[in-house]
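Note sheet for the following structure.
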Amino acid sequence: MLNTKITLTGDLGSGKSTVSRILCERTGFEYISTGQVQRKLARELGLDTLEMNRRADTDPTIDERIDGIFVALGHDPNGYVIDSRMAWFFLPESFKVYLKTDVQVAVQRILSDPERNSEQYFSAEEAAQKILARKASENARFLAKYGADCSDLNNFDLVIDTAERSQAVVADLIFEGWKAKYKGEPFARFW
């Protein structure tokens, strides 16, 4: 039987949200996004996402609010595609996917995404600096708080570089890898 949780994490701007939505269409699973939760919380707090992540270094309630959603999913029999930095850790039986991309590709994707209105940048250079700072802040916090090393790609069932691949191709690779893993068939882990 196929596992009913597919967790996606990875670099900012790697296409997790779009790929997740394509996977939901293919699987019939529900979509859950930490990015949406974080951006909504950042707006409520009157902060940008980088500042909220920095504040989370000293305010544990921020991570607790976000993380609690995923802990509860472990007991839910329904199918989910989960776009989250830490869902792979909270749902260890899920099919864990890491999406990578070059920071300049990420900058262009983020700057052209109208849904990311809490992530305003004055230049592509500033965006790249803030993206890298946000990733470093999150990785350090998750390693210190949970002992979860998000940068260790061995934690994931599948790793895909999305810089030169369409979102549909990435979704196909994930779908095929997911099916293969739970059928006990071999599949390539790194793309």
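What are the residues in the range 6-22 that are of a type outside the set (S, T, N, Q), buried (at least 24 other Cβ atoms within 10 Å of the Cβ) and at pLDDT 85 or above, if any?
If we filter the range 6-22 for residues that are of a type outside the set (S, T, N, Q), which is where we start, we get 6, 8, 10-13, 15-16, 19, 21-22.
Filter again for buried (at least 24 other Cβ atoms within 10 Å of the Cβ), leaving 6, 8, 10, 13, 15-16, 19.
Result: Ile6, Leu8, Gly10, Gly15, Lys16, Val19.
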Quiz prompt | Ala171, sole failed condition from (1) within 19 Å of Asn3 (Cβ to Cβ); (2) assigned to a loop (DSSP other than H, G, I, E, B) | solution = (2)
Quiz item: Can we say Ala144 is surrounded by fewer than 14 Cβ atoms within 10 Å (Cβ to Cβ), among the hydrophobic types (A, V, I, L, M, F, W, C) and without any contact (Cβ under 8 Å) to a residue 40 or more places away in the chain?
Solution: yes
Quiz item: Can you tell me which residues in the range 60-94 are among the acidic types (Asp, Glu) and either in contact with a strand residue (DSSP E or B) (Cβ under 8 Å, 6 or more places away or on another chain) or farther than 18 Å from Leu143 by Cβ (or both)?
Solution: Asp76, Asp83, Glu93
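Would you confirm, using the coordinates I've provided, whether Gln120 is at pLDDT below 80, more than 26 Å from Cys24 (Cβ to Cβ) and either crowded, with 17+ Cβ neighbours inside 10 Å or more than 16 Å from the chain's Cα centre (by Cα) (or both)? It would help to see each step written out before you state the result.
Working: at pLDDT below 80: yes; more than 26 Å from Cys24 (Cβ to Cβ): yes; either crowded, with 17+ Cβ neighbours inside 10 Å or more than 16 Å from the chain's Cα centre (by Cα) (or both): yes.
Answer is yes for this residue.
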Self-check item: Set Ala188, Ala133, Ala180, Ala128: member being farther than 29 Å from Arg26 by Cβ and either free of Cβ contacts under 8 Å to residues at least 40 places away in the same chain or among the aromatic types (Phe, Trp, Tyr) (or both)
Solution: Ala128
Self-check item: The one condition in (1) of a type in the set (S, T, N, Q); (2) farther than 24 Å from Val103 by Cβ; (3) surrounded by 15 or more Cβ atoms within 10 Å (Cβ to Cβ) that Thr58 fails to fulfil
Solution: (3)
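The values are calculated or read from the model by the stated rules, or taken from the named source; none is laboratory data. Keep in mind it's a predicted model, so treat the numbers as computed, not measured. All Cβ positions, glycine included, derive from the backbone under ideal geometry; neighbour counts span all protein chains shown.
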